[in-house]
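Undergrad: This structure is in structure tokens; I'll ask about it shortly.
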Amino acid sequence: MPAETSNITLYDLVGRDRETFWSSNVWKTRFALHLKDLEFETVPLSFCEIHKEIPLVMRPTVPVLVDRTNPEKPARIQDSWNIAEYLEKTYPDRPSLFHKNETFHQFWDTWVPEKLNGATLHLIALDIWKKLDPESQVYFRKSREERLGRTLESLEEDKPRARAKVKEALTLFHQMISEENYLSGDYVGYSDFIMAALFIWVEHMNPQEFEETYLKAVDDDKIRQWWERMQRWK
Ligand SMILES: N[C@@H](CCC(=O)N[C@@H](CS)C(=O)NCC(=O)O)C(=O)O
């Protein structure tokens, strides 16, 4: 969508192809914008571009959302949770993200990264690296190997342990969605988007891992059925 027709701009992360959006943190925002039916344009940035383009007053991370709906007072918000709160407060007449229970969704916003992000990174770090532009490959390898204290290649040997961790976490998630259509109950909510954003990240990076470890984490079709329900907000 051309920039002039949209009041909202979303800064997102891309790899070498510059057109596939796979960042889990940004997908939380994409889902929220889709649910609220808000038009937006996307500014695609590589890892290295994020560090040059996102203004120094902010951290060099995406998502960043700029909303010029009120031209006198444009809003610039960073961090997926802050953006969700902003959208809920600014567009209360659109479908709700929190269904008047913000704490519940905030719990999942902490729980999913704590229980799933580390193990997931172990499973797909090398796949992410392969999809980046050469300059970002250098940055990603250096920063992640420093953080993990090991090479991306050496994560391979830990994959069975990482898969077991993912499956354990998804067992609790499975219990929740076995009783209702969505994590947040009868209606989709931000907590569903948090989990679905993680799923999109893995699906893009390693479809086979996604199928075997995430969709088949538990021995029935409940997670797959929930995932199918989530497709309409993509
Ligand atoms: N808590 C932040 C985390 C944002 C974040 O870490 N974003 C990643 C992309 S998923 C990023 O921009 N990373 C830049 C880097 O690692 O240099 C949020 O939820 O928005």
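The values are calculated or read from the model by the stated rules, or taken from the named source; none is laboratory data. Just so it is clear, the structure is predicted and the values come from calculations on it, not from any experiment. No Cβ is skipped: glycine too gets one built from the backbone with ideal geometry, and neighbour counts run over all protein chains shown. Just the protein is used for accessible areas: all its heavy atoms, side chains included, with ligands, DNA and RNA removed. Shrake-Rupley method; radii C 1.70, N 1.55, O 1.52, S 1.80 Å.
Undergrad: Filter the stretch 96-117 for residues that are open to solvent by less than 40 Å² (accessible area, probe 1.4 Å) and in contact (Cβ under 8 Å) with a residue 60 or more places away in the chain and give the result.
TA: SER96, LEU97, PHE98, HIS105, TRP108, ASP109, VAL112, LEU116
Undergrad: Among the helices (runs of 4 or more DSSP H) confined wholly to the stretch 118-234, which include 2 or more residues that are surrounded by 14 or more Cβ atoms within 10 Å (Cβ to Cβ), of a type in the set (Val, Ile, Thr) and within 16 Å of the chain's Cα centre (by Cα)?
TA: Per the criteria, 118-131, 190-205.
Undergrad: Whether any residue in the stretch 127-135 is within 12 Å of the ligand (Cβ to nearest atom), out of contact with any helix residue (DSSP H, G or I) (no Cβ under 7 Å at 6 or more places or on another chain) and closer than 20 Å to VAL26 by Cα is what I want to check.
TA: no
Rundown of residues vs (1) without any contact (Cβ under 8 Å) to a residue 40 or more places away in the chain; (2) outside the structural domain of TYR139 (by TED's automatic domain parsing); (3) surrounded by 15 or more Cβ atoms within 10 Å (Cβ to Cβ); (4) touching a His at 6+ places or on another chain (Cβ under 7 Å), yes/no style:
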residue: TYR11; (1), (2), (3), (4): no, yes, yes, no
residue: SER23; (1), (2), (3), (4): no, yes, yes, no
residue: LEU33; (1), (2), (3), (4): no, yes, yes, no
residue: LEU45; (1), (2), (3), (4): yes, yes, yes, no
residue: CYS48; (1), (2), (3), (4): no, yes, yes, no
residue: ILE54; (1), (2), (3), (4): no, yes, yes, no
residue: ARG59; (1), (2), (3), (4): yes, yes, no, no
residue: ALA84; (1), (2), (3), (4): no, yes, yes, no
